[in-house]
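Asker: Here you go, one structure.
The values are calculated or read from the model by the stated rules, or taken from the named source; none is laboratory data. Worth saying up front: this structure is predicted, and the values here are computed from it rather than measured. Please note: Cβ atoms are built from the backbone with ideal geometry, for glycine as well, and neighbour counts cover all protein chains shown. Just so you know, the surface numbers come from the protein's heavy atoms only, side chains and all, with ligands and any DNA or RNA stripped out. Shrake-Rupley method; radii C 1.70, N 1.55, O 1.52, S 1.80 Å.
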Amino acid sequence: MNPLDVSVIVPTYREAENLPVLVPRIATALQEAQLTFEIVIVDDNSPDATPRVCADLAARFPVRLETRTTERGLSSAVMHGMNVARGDVLVCMDADLSHPPEKVPELVRTLNEGADFVLGSRYVKGGATAEGWGLFRWLNSKVATLMAWPLTATSDPMAGFFAIGRDTFEAARNLDPIGYKIALELLVKCRCRDVREVPIHFENRLHGASKLSFQEQVNYLRHLKRLYEFKFGALARLAQFLLIGGTGMVVDLAFYVLLLGWLPLGLARAAAIWVAMTWNYWLNRRITFSFARRRAVLPQYAMFCLSCGLGAAVNWSVSLALSSLLTVFGGRPLLAAVVGIIAGSLFNFILCNTAVFHRTKPAPESVGEPVLVDNP
Ligand code: GDD
Ligand code: MN
């Protein structure tokens, strides 16, 4: 089989009406650019005329239909298409004509000029979002883009229109996308450096309805968490720990205010701290250290409280020591307290990371005999 210049991968679910418009336009654009190509349609067994439509199209165009019956989902469909594609350049686009097929040659050309990744972007000069996008959808897209900013500096990593070299794709490790944001996954995991953007006009879909649901938005948050941990490791976990700590402070103060009407000062303070600590425990178990969320609650909770107590002791001692030992902190008890809080939180985090929610070690193999565990 001769290698091809380009494979255009089109994930579809119920897009039978759009394919007869999309395929000829892709073909014309690529033929005019004198590129050899194939169009790989990855369909998740749509209950519509997709198979018949593809068979008709295949008589006139280099179209290949890949039907998946055991799996569903946009990202995994794209990955499947990329794995079976034969082209040197892999282009991914939606079937609903939101992405202009006429731009495919420009994406390919830009990649062949030396880029690692080329994105069709709505948010660079010359690009545009579809008309009639309500404030909500626009804001939604903007917030999602902003949340991904530390992962990639590109302006539109949410887009599903992009080109990547097959070599770059094959060199990626641990590809494991969930949800919709396959471009973001590839940008981060392929460690693409030279990322270029080509302006596009994003159009409203021609026929049918979007499959972007609320569940996909939740998936996006889970996906972001994974990508942050991939790129920043323990730092990403520290950031989650601190964010949760921030919400814990709000809970603490709210309960304190509430309880002050019922209980004496000391008791109200203690109860509010306990509620906030429990709140922090639960969120850290579910989010920051989610790999440990199936372990028994009680011992873990007890360890967490102990860790918080030790953190508080570090906080207390550091604040007091600084105030009494260093002249800079002499008349500034609040500054000393802030340093104490930072030290205490870091101490607490390190304990959580290593002891409370530690990653499980593989179980020792021998059974029946006392086991000496040699901890490195
Ligand atoms: N195989 C397969 N399986 N394809 C799917 C699935 C699925 O489960 N879900 C959606 N698709 C296909 C659709 O048929 C379409 O071709 C493409 O993926 C995009 O789906 P839409 O339902 O049209 O998504 P959208 O318009 O809301 O989202 C698009 O724009 C977003 C930016 O606003 C996509 O390009 C997103 O990737 C992009 O983030
Ligand atoms: Mn769409």
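Asker: How many residues does the stretch 169-185 hold that are out of contact with any helix residue (DSSP H, G or I) (no Cβ under 8 Å at 6 or more places or on another chain) and either hydroxyl-bearing (S, T, Y) or closer than 18 Å to V104 by Cα (or both)?
Answerer: Summing the residues that are out of contact with any helix residue (DSSP H, G or I) (no Cβ under 8 Å at 6 or more places or on another chain) and either hydroxyl-bearing (S, T, Y) or closer than 18 Å to V104 by Cα (or both) in the stretch 169-185 gives 1.
Asker: Restricting to the stretch 89-118, and then to whatever is farther than 20 Å from R25 by Cβ and under 21 Å from the mean Cα position of the chain (by Cα), can you tell me which residue is most open to solvent (accessible area, probe 1.4 Å)?
Answerer: Filtering first and then ranking leaves D116.
Okay, residues lined up against (1) modelled with pLDDT of 95 or more; (2) crowded, with 18+ Cβ neighbours inside 10 Å; (3) touching a Leu at 6+ places or on another chain (Cβ under 7 Å):
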| site | (1), (2), (3) |
| --- | --- |
| P264 | no, no, no |
| A268 | no, yes, yes |
| M277 | yes, yes, no |
| V297 | yes, no, no |
| Y301 | yes, no, no |
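Asker: Here is a follow-up. Tally the residues that are in contact with an Asp or Glu (Cβ under 6 Å, 6 or more places away or on another chain), open to solvent by less than 60 Å² (accessible area, probe 1.4 Å) and within 16 Å of ligand 2 (Cβ to nearest atom), restricting the search to the stretch 182-211.
Answerer: 1
Asker: In the set F241, F255, which member is open to solvent by 60 Å² or more (accessible area, probe 1.4 Å), in contact with a helix residue (DSSP H, G or I) (Cβ under 7 Å, 6 or more places away or on another chain) and in a helix (DSSP H, G or I)?
Answerer: Residue meeting the stated conditions: F255.
Asker: Being farther than 17 Å from S7 by Cβ, within 13 Å of ligand 1 (Cβ to nearest atom) and either open to solvent by 60 Å² or more (accessible area, probe 1.4 Å) or assigned to a loop (DSSP other than H, G, I, E, B) (or both) is the requirement here; does G179 meet it?
Answerer: It is true that G179 is farther than 17 Å from S7 by Cβ, within 13 Å of ligand 1 (Cβ to nearest atom) and either open to solvent by 60 Å² or more (accessible area, probe 1.4 Å) or assigned to a loop (DSSP other than H, G, I, E, B) (or both).
Asker: Is one or more of the residues making up the stretch 126-138 at pLDDT 90 or above and farther than 20 Å from S210 by Cβ?
Answerer: Scanning the stretch 126-138 turns up no residue that is at pLDDT 90 or above and farther than 20 Å from S210 by Cβ.
Asker: Follow-up. Do we find a residue being free of Cβ contacts under 8 Å to residues at least 40 places away in the same chain and not charged (D, E, K, R) anywhere in the stretch 175-192?
Answerer: no
Asker: Please pick out the residue among E106, E71, E66 that is more than 15 Å from ligand 1 (Cβ to nearest atom), in the same structural domain as L19 (by TED's automatic domain parsing) and among the acidic types (D, E).
Answerer: E106
Asker: For D176, state whether it is more than 17 Å from G120 (Cβ to Cβ) and not aromatic (F, W, Y).
Answerer: Considered against the rule, which asks whether it is more than 17 Å from G120 (Cβ to Cβ) and not aromatic (F, W, Y), D176 comes out as yes.
Asker: Checking F37 against (1) within 16 Å of ligand 1 (Cβ to nearest atom); (2) of a type outside the set (V, I, T); (3) buried (at least 23 other Cβ atoms within 10 Å of the Cβ), which test does it fail?
Answerer: (1)
Asker: Going by what's in this entry, would V42 be described as outside any helix (DSSP H, G or I) and within 16 Å of ligand 2 (Cβ to nearest atom)?
Answerer: Considered against the rule, which asks whether it is outside any helix (DSSP H, G or I) and within 16 Å of ligand 2 (Cβ to nearest atom), V42 comes out as yes.
Asker: Let me ask you something else. Checking the conditions here, which among T145, T152 is more than 10 Å from ligand 1 (Cβ to nearest atom), buried (at least 17 other Cβ atoms within 10 Å of the Cβ) and closer than 20 Å to S75 by Cα?
Answerer: T152
Asker: If you check R60 against the conditions, is it among the basic types (K, R) and part of a helix (DSSP H, G or I)?
Answerer: So R60 does not fit the description; no.
Asker: Tell me, which residue of the stretch 134-173 that is part of a helix (DSSP H, G or I), over 18 Å from V10 (Cα atoms) and among the basic types (K, R) is nearest to ligand 2 (Cβ to nearest atom)?
Answerer: The selected residue is R137.
Asker: Residues in the stretch 212-233 that are within 23 Å of I350 (Cβ to Cβ) and surrounded by 12 or more Cβ atoms within 10 Å (Cβ to Cβ): how many?
Answerer: Number of matching residues: 7.
Asker: Cβ-Cβ distance below 8 Å, separation of 6 or more or different chains: which pairs start in the stretch 67-79 with a residue that is more than 17 Å from T50 (Cβ to Cβ) and end on one that is open to solvent by 30 Å² or more (accessible area, probe 1.4 Å) and within 16 Å of ligand 2 (Cβ to nearest atom)?
Answerer: Here the result reads S75/Y180; S75/K181, each pair linking the stretch 67-79 to a residue that is open to solvent by 30 Å² or more (accessible area, probe 1.4 Å) and within 16 Å of ligand 2 (Cβ to nearest atom).
Asker: To continue, here is another question. Can you pull out every residue in the stretch 40-63 that is crowded, with 18+ Cβ neighbours inside 10 Å and either under 24 Å from E197 (Cα atoms) or among the basic types (K, R) (or both)?
Answerer: Once the filter is applied, which keeps residues that are crowded, with 18+ Cβ neighbours inside 10 Å and either under 24 Å from E197 (Cα atoms) or among the basic types (K, R) (or both), the stretch 40-63 yields only V40.
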